[in-house]
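Take a look at the structure below.
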Amino acid sequence: MVKVLILGANGQIARLATAQLVDAKADLRLFLRNANRLQSEKTGRAEIIDGDAANVADLTQAMAGVDVVYANLAGHNIEQQAKSVVAAMTQTGIKRLIWVSTLGIYDEVPGKFGQWNHQMLDDGYLPTYAAAAKVIEASELDYTIIRPAWLDNKDEVDYELTQKGEAFKGTEVSRKSVATYIVHLINNPSEQVRRSVGINKPNTDGDKPAWY
């Protein structure tokens, strides 16, 4: 059975993915700050670890015996977190990384939606997430970077993918769709290796998400 380490396990997408993986009887290790936040969540028999994703020692300890690392991280220090994750995975010999980023890190979002996205995220957010992605892409890891469209909480699984170098499609996608795709990659670890993948709901093109 594949053993999965989820970094940033209290994130909304991470919790949805955890629920699916628990249902599938996956072997899980959940890593987050303030681990007691997850005690009321549906975590099954998952091991829960309190740690800092910018701290290589914390990460290295958490990675013992793991096959796949899924990073659902955020924050102003996301580039440092990326460097620490790469360093810890390199030290422990783990290769497979699923890294959730955001749309727009390559200026790949076209038209008025692309302009709107820049305006909404132009507080240093996009440059820091782009820098973190560069750290991952420069590593020797078998990574998949996932770039979701604007997220909603619809109870649906409906998505399509674009590759780095292609124009991003659509404006929105459900967190459940992203979580389902992450679980698919965990179950099919040879797919999309060393790729950066955009994910959106089909037929949601527009100047901004319909719900915004």
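The values are calculated or read from the model by the stated rules, or taken from the named source; none is laboratory data. Quantities reported herein were computed from a predicted structural model and do not represent experimental measurements. Cβ atoms come from the backbone with ideal geometry, glycine included; neighbour counts cover every protein chain shown. These accessible areas exclude ligands, DNA and RNA; they are computed on the full protein's heavy atoms, side chains included. Shrake-Rupley method; radii C 1.70, N 1.55, O 1.52, S 1.80 Å.
Listing for the model above:
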{"quantity": "Any hit, region 190-207, residues being of a type in the set (Ser, Thr, Tyr), open to solvent by 50 Å² or more (accessible area, probe 1.4 Å) and assigned to a loop (DSSP other than H, G, I, E, B)", "calculated": "yes"}
{"quantity": "Selected residue (criterion: surrounded by the most Cβ atoms within 10 Å (Cβ to Cβ)) from residues of region 118-149 that are in a helix (DSSP H, G or I) and of a type in the set (Val, Ile, Thr)", "calculated": "ILE136"}
{"quantity": "Subset of region 41-92 [among the hydroxyl-bearing types (Ser, Thr, Tyr), modelled with pLDDT of 95 or more and within 21 Å of VAL22 (Cβ to Cβ)]", "calculated": "TYR70"}
{"quantity": "Number of positions in region 165-183 that are assigned to a helix (DSSP H, G or I), within 22 Å of ILE105 (Cβ to Cβ) and not polar (S, T, N, Q)", "calculated": "5"}
{"quantity": "For TYR212: the one exception among (1) at positive phi; (2) open to solvent by 30 Å² or more (accessible area, probe 1.4 Å)", "calculated": "(1)"}
{"quantity": "Residue in region 182-199 that is on the phi < 0 side of the Ramachandran plot, among the aliphatic types (A, V, I, L, M) and more than 15 Å from the chain's Cα centre (by Cα) present", "calculated": "no"}
{"quantity": "Those residues of region 14-33 which are in a helix (DSSP H, G or I), surrounded by fewer than 24 Cβ atoms within 10 Å (Cβ to Cβ) and either β-branched (Val, Ile, Thr) or in contact with a Lys or Arg (Cβ under 7 Å, 6 or more places away or on another chain) (or both), in sequence order", "calculated": "LEU16, ALA19, VAL22"}
{"quantity": "Odd one out for HIS184, checked against (1) open to solvent by less than 60 Å² (accessible area, probe 1.4 Å); (2) under 23 Å from ALA17 (Cβ atoms)", "calculated": "(1)"}
{"quantity": "Selected residue [outside any helix (DSSP H, G or I) and open to solvent by 70 Å² or more (accessible area, probe 1.4 Å)] from LYS42, LYS112, LYS83", "calculated": "LYS42"}
{"quantity": "Selection count where residues are of a type in the set (A, V, I, L, M, F, W, C) and open to solvent by 40 Å² or more (accessible area, probe 1.4 Å), scope region 50-63", "calculated": "2"}
{"quantity": "Subset of region 87-102 (residues that are within 21 Å of ASN188 (Cα to Cα) and assigned to a helix (DSSP H, G or I))", "calculated": "MET89"}
{"quantity": "Long-range neighbours under 8 Å by Cβ, at least six apart or interchain, first residue over 16 Å from VAL68 (Cβ atoms) within region 172-185, second buried (at least 20 other Cβ atoms within 10 Å of the Cβ) and basic (Lys, Arg)", "calculated": "GLU172/LYS201; VAL173/LYS201; SER174/LYS201; SER177/LYS201"}
{"quantity": "Any hit, region 64-73, residues being in contact with a strand residue (DSSP E or B) (Cβ under 8 Å, 6 or more places away or on another chain), open to solvent by 70 Å² or more (accessible area, probe 1.4 Å) and more than 19 Å from ARG33 (Cα to Cα)", "calculated": "yes"}
{"quantity": "Flag for ALA9 being open to solvent by less than 20 Å² (accessible area, probe 1.4 Å) and either free of Cβ contacts under 8 Å to residues at least 24 places away in the same chain or out of contact with any helix residue (DSSP H, G or I) (no Cβ under 9 Å at 6 or more places or on another chain) (or both)", "calculated": "no"}
{"quantity": "Selected residue (only one of GLY93, GLY198, GLY104 is under 26 Å from ILE6 (Cβ atoms), small (Gly, Ala, Ser) and without any contact (Cβ under 8 Å) to a residue 24 or more places away in the chain)", "calculated": "GLY93"}
